[in-house]
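Undergrad: Attaching a single structure in structure tokens format; questions to follow.
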Amino acid sequence: MTTAPLQTDLRTQAENALADLFVAMPLVTGSVLASTDGHVIAADLDEKRQKPTAAMVASAFALGGRLAELNGSDGADELTVRSAKGFVLILAVGTGAALVILAQSGVNLGLLNLKARQLVQTLSELLSVQEVPGV
Amino acid sequence: MNPHFDFKIVVAGPFAAGKTTMIAASADGPLVGTEAPTSGGEAAVKATTTVGMEYGTLAVASDSFSVELNLYGVPGQERFSFMWDIVGVGMDGLFLLVDADRPETWATSATMAAHFGALSSTPVVVGVNRASTRPEVVEQVRHAVPVPGARYIGFEVIDPQDARNALLELLLHMLEQMNDEPAAQTSVQVATP
Ligand SMILES: Nc1nc2c(ncn2[C@@H]2O[C@H](COP(=O)(O)OP(=O)(O)OP(=O)(O)O)[C@@H](O)[C@H]2O)c(=O)[nH]1
Ligand SMILES: [Mg+2]
């Protein structure tokens, strides 16, 4: 298996950071840090949803990057899916990973966006300590 | 004016079978693709992998009609199988790739054939990459990857002429099937020339 190339202590730190968001924002229901090729790097989500979520994030993020080219950009920084039940936010973390945050409708989007950006900063620092091999 | 047909062809096959290479070699223009850098064990095989889909077109003209083949490549890994279901909607033909040099991946080719076969019963061509001069390998694949009604060919994905001929084989298969089953003709859109 090729999941979780992060060292265990770094994975733990990343998952602590994800859990902090979960605690700070009650309407956040889960989050996954995925490599851009669809593997789980760290997750705060029930076990059986982690892998399919990481793969879907990689596909959506890559297609989002192609859409961004319509505007002349090189890739996507962020994708938002708004639906009847809530939000799915996908944010680039460095060049080789993306963070997905699941939140229920009613969540304070302004605050979530602020906290999500802080989380991205924390996670990209963790990843740059030990860059994911091959990424 | 000759009738014009628009067909959707899905190119499937296991990780690193050569799907992207084949579409890039055969399409008329540049591809819309979704390559991402590989990590872990896959990084030892190649540097990037398709994580979403890719799209390219190939125009085909004959004396009596013109055709545009819309080529859709999918990811090979099981973790992306949801993309097979998304991209498979409305396909008119399936091109299934098998890597002659990696028999350990043949079972995965068979699994993908079954997955797409369950989505729709379109004509299938099984293309055995790196087997243009090895008919005996094509025969082995015929037994190891049995797809009902499929045609089997050996070719090289990297060679544009070869890749296009392989797709033409599928197009012929599709057109013959349309003639056999007039009902299928209703699903074909005839565009105004
Ligand atoms: N020399 C040679 N190289 C080939 C041939 N077929 C495939 N390759 C190489 O094998 C690799 C296949 O890569 P891709 O085309 O990305 O394969 P893919 O099926 O799209 O892979 P995924 O999207 O990751 O599942 C590439 O490095 C090709 O250059 C061939 O016939 N001859
Ligand atoms: Mg590919």
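Undergrad: For chain B, report the accessible area per residue in Å² (1.4 Å probe, heavy atoms, rounded to an integer).
TA: I get 44 Å² per residue for chain B.
Undergrad: A further question follows. Just the number, please: carbon plus sulfur as a percent of the accessible area of the protein assembly as shown, 1.4 Å probe, no ligands or DNA/RNA counted.
TA: Solvent-exposed carbon and sulfur of the protein assembly as shown make up 56 percent of the total.
Undergrad: I would also like to ask the following. To the nearest 10 square angstrom, what accessible area does B:HIS115 show with a 1.4 Å probe?
TA: Roughly 60 Å² of B:HIS115 is accessible to a 1.4 Å probe.
Undergrad: With every atom except the alpha carbons ignored, what do you get for Rg and Dmax of the protein assembly as shown, in angstroms?
TA: Final numbers for Rg and Dmax: 22.0, 68 Å.
Undergrad: Once you average over the residues of B:30-42, how many Cβ atoms of partner chains fall within 10 Å of each Cβ?
TA: 6
Undergrad: What value does segment A:10-135 have for Rg/Rh, both radii from Cα atoms and Rh as Kirkwood defines it?
TA: Using only Cα positions, Rg/Rh for segment A:10-135 is 0.94.
Undergrad: With every protein chain in place, what's the accessible area of B:THR122 (1.4 Å probe, Å², nearest 10)?
TA: Solvent-accessible area, nearest 10 Å²: 30 Å².
Undergrad: Given A:LYS51/A:LYS85; A:LYS51/B:LYS8; A:LYS115/B:LYS46; A:LYS48/A:LYS85; A:LYS51/B:LYS19, which pairs have Cα atoms separated by over 27 Å?
TA: A:LYS51/B:LYS8; A:LYS115/B:LYS46
Undergrad: In whole Å, how far is the Cα centre of segment B:68-97 from that of segment B:8-23?
TA: 8
Undergrad: For an R0 of 30 angstrom, estimate the FRET efficiency from the Cβ-Cβ distance between A:ASP9 and A:GLN104 and round to the nearest 0.05.
TA: E(calc), rounded to 0.05, equals 0.40.
Undergrad: Moving on to the next point. Taking 8 Å as the Cα distance limit and 6 or more residues as the minimum spacing, I'd like the relative contact order of segment A:1-123 as a percentage.
TA: Result for segment A:1-123 is 25 percent.
Undergrad: Moving on to the next point. Using amide H atoms built 1.01 Å from N in the peptide plane, name the residues 5+ places from B:VAL11, or on other chains, whose amide H lies under 5 Å from its own.
TA: HN-HN under 5 Å from B:VAL11: B:TYR72, B:GLY73, B:VAL74, B:PHE95.
Undergrad: Size of the dipole of chain B about the Cα centre, Lys and Arg at +1 and Asp and Glu at -1 on the beta carbon, nothing else charged, in debye to 20?
TA: That gives a dipole near 300 debye.
Undergrad: List residues of segment B:12-37, by number, whose backbone nitrogen lies under 15 Å from a label position 7 Å along Cα→C-beta of B:GLN177.
TA: Those under the cut-off are B:12.
Undergrad: Compute for chains A and B the buried accessible surface, both sides summed, probe 1.4 Å, and express it in Å² to the nearest 100.
TA: Heavy-atom accessible area buried at this interface is about 1300 Å².
Undergrad: Please work out how much accessible surface B:ILE153 shows to a 1.4 Å probe, ignoring ligands, DNA and RNA, in Å² rounded to 10.
TA: 40
Undergrad: Right, next: Name the residue from B:THR38, B:SER62, B:GLN177 whose Cα lies farthest towards the positive end of the charge dipole of chain B, charges +1 on Cβ of Lys and Arg and -1 on Cβ of Asp and Glu.
TA: With unit charges placed on the Cβ atoms, the residue in question is B:THR38.
Undergrad: Related question: Mind checking the mean number of beta-carbon atoms from other chains within 10 Å of the Cβ atoms in A:28-36?
TA: That works out to 2 on average.
Undergrad: If Rh is defined by the Kirkwood formula over all Cα pairs and Rg also comes from Cα, what ratio Rg/Rh do you get for segment B:1-128?
TA: 0.99
Undergrad: Additional query: Residue by residue through A:63-73, how many Cβ atoms from other chains fall within 10 Å of the Cβ on average?
TA: For this peptide, the per-residue mean of nearby foreign Cβ atoms is 2.
The values are calculated or read from the model by the stated rules, or taken from the named source; none is laboratory data. Please read these numbers as outputs of a predicted model, since none were measured by experiment. Every residue, glycine as well, gets a Cβ built from its backbone with ideal geometry; the counts of neighbours run over all protein chains shown. Each accessible area value is taken on the protein alone, full model and side chains, heavy atoms only, with ligands, DNA and RNA left out. Shrake-Rupley method; radii C 1.70, N 1.55, O 1.52, S 1.80 Å.
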